[in-house]
1. To the nearest 10 degrees, how steep is helix B:15-29 against the longest Cα principal axis of chain B, on a 0 to 90 scale?
2. Under 8 Å for C-alpha pairs, at least 6 residues apart: give me the relative contact order for chain A, rounded to a whole percent.
3. Relative contact order for chain B using alpha-carbon pairs under 8 Å, separation at least 6, rounded to a whole percent?
4. Could you grab the relative contact order for the stretch B:7-176? Cα pairs under 8 Å, six or more apart, rounded to a whole percent.
5. Given chain B, report the % of alpha carbon pairs whose separation exceeds 30 Å.
6. Would you calculate the separation in nanometres between label points at residue B:220 and residue B:276, each defined as 7 Å from the Cα along the Cα-to-beta-carbon direction?
7. Which of the three applies to the stretch A:173-285, rounded, prolate or oblate, going by the alpha-carbon gyration tensor with a ≥ b ≥ c and a/c under 1.5 meaning rounded?
8. Cα gyration tensor of the stretch B:192-318, axes a ≥ b ≥ c as square roots of the eigenvalues: rounded (a/c below 1.5), prolate (a/b > b/c) or oblate?
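The numbers here are math on the coordinates, done by the rules we state, and not lab data. Small disclaimer: the values here were computed from a predicted structure and weren't measured. Ideal geometry is used to build each Cβ from the backbone, glycine not excepted, and the neighbour counts take in all protein chains shown.
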Ligand SMILES: Cc1ncc(C[n+]2csc(CCOP(=O)(O)OP(=O)(O)O)c2C)c(N)n1
């Protein structure tokens with residue numbers, strides 16, 4: 001088994017980010033449904049994770065030497081699928097089938113259907129528990145796999161999140177890193193107007209976590225944060241990443257919920273794609 | 001009675017839209033009504049109430065278990081809380097809270113959930129509640145209602161607002177054909193006979209009522225005379241009506257956008273089994289999860305169209321002794 005090659009070439013990562021942004025908008029437009037805002041906010045966070053850090057083997061997705069990723073915000077499936085297709089986990093053209101009958105690319109990520117997905121999610125607030133289970137299990141086996149959970153800010157309102165955060169702090173699972181896509185918006189609008197999660201860094205610290213705060217669109221800061229998370233011993237780490245929901249498309253960024261869960265109309269779609277501009281590679285579909 | 005085409009974006013009324021409208025009306029009529037949601041008010045349509053009565057609307061965030069507990073507390077302090085989310089997250093996530101805080105306390109909480117069943121469509125299996133009728137029905141004191149269309153939803157929401165005690169109302173995402181006009185009346189524990197017939201009785205809920213009526217028409221052309229009953233109130237079940245239909249027709253078909261285990265089909269089979277055993281053929285999802293897709297394809301694939309109901313009727317009639 002061999003892991004795919006990693007890169008820390010910042011220009012290459014930035015180019016990949018643009019490719020994934022185009023795919024996200026295209027997939028949701030093509031499916032007439034899906035979640036763009038929370039996919040676009042996490043592009044740099046997830047791209048840097050998969051291309052610069054993760055151990056994984058597209059030819060053998062269940063390789064036991066792999067690092068685990070739990071997409072706790074399972075609605076960010078367009079981003080997950082675009083990355084996995086590019087890494088070779090499934091044919092690139094399959095992105096066109098997103099959310100259509102018979103597809104493997106379900107509305108929310110499904111581990112039984114999609115190679116490279118380690119946990120089926122979508123119902124919010126459950127990902128850190130699953131990731132903690134993986135972290136405790138690999139620690140028992142004394143294997144070096146790292147576990148990453150990609151979470152939303154709104155889903156931190158769920159009680160189960162705090163049960164898991166408390167338990168992980170208690171168990172000192174330093175092989176677990178939570179990425180918090182802190183884009184300040186949820187489905188119905190700004191998090192601070194619904195049930196605010198601030199001060200979120202203090203909350204994690206009080207639950208015995210190592211906390212790193214960064215700009216979640218700055219690849220240099222992301223690389224640095226993930227390196228520190230991997231090196232930190234004795235506590236789980238949360239990378240609290242300041243992001244913008246709908247990032248990269250001004251009309252989405254300005255919308256009250258960051259264009260959470262609706263497809264763009266044709267005019268917005270054309271505008272969004274023109275604004276993003278062409279990537280270094282042609283779109284996959 | 002007007003009967004329109006199957007669910008599509010262009011025709012009919014979504015039961016969730018009817019809910020939003022009537023809830024806002026009720027808000028003006030009764031100052032004790034309060035509404036809670038869990039970051040889905042634009043989808044469940046409780047936002048209509050929220051806009052009109054911001055002081056009596058509480059978006060509890062993505063935290064359904066807490067929402068149910070808070071709703072119960074409000075009811076103990078004299079309010080009439082409506083708590084809404086998607087069916088998956090209003091019944092599944094907080095099941096134990098619903099059982100112990102709401103039902104064991106006999107709290108006057110109305111859980112009205114939208115996006116039930118396979119007609120959720122593209123969001124896929126994780127969001128398609130196909131077990132909610134079963135898990136709500138199993139709790140003592142809980143009543144379970146699944147309206148067939150927009151106008152009946154309005155009457156049902158009005159009825160549960162003035163009734164006291166726990167209730168679960170199951171609503172849906174897409175536009176449904178309109179079956180009733182304003183003369184519809186809801187009575188807890190009573191079904192509505194839409195068509196009388198003698199060869200077989202189709203007992204349906206929700207969207208499947210429209211499909212059942214379509215099936216009845218095609219069967220009529222083939223000389224098969226079926227009754228169609230809208231059993232919007234699944235619990236308490238209209239035992240007397242089920243029994244009289246069993247006696248009269250000697251065969252029953254149930255139809256629901258839910259697992260054939262534990263839902264309407266289960267309830268009807270339990271009833272006939274102890275009152276007057278006859279063949280009961282259940283149309284519903286066959287103990288499986290759903291998947292992403294467009295609604296017509298999903299209805300076809302999961303066996304929920306009028307054609308599937310008509311086939312079930314023929315199978316049920318064949319089983320008669
Ligand atoms: C338990 C549960 N409740 C409600 C939903 C519906 N829902 C999907 S996404 C979303 C908002 C998520 O907000 P956040 O975690 O901040 O994610 P992001 O804004 O980054 O997309 C909601 C309420 C769900 N998927 N799961």
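1. For helix B:15-29, the angle is close to 40 degrees.
2. Values: 594 pairs, mean separation 71.0, N = 285.
Reported as a whole number, the value is 25 percent.
3. Values: 770 pairs, mean separation 58.5, N = 321.
Normalised by residue count, the contact order of chain B is 18 percent.
4. Relative contact order of the stretch B:7-176: 30 percent.
5. Values: 14527 of 51360 pairs.
Roughly 28 percent, rounded to a whole number.
6. 2.4 nm
7. oblate
8. oblate
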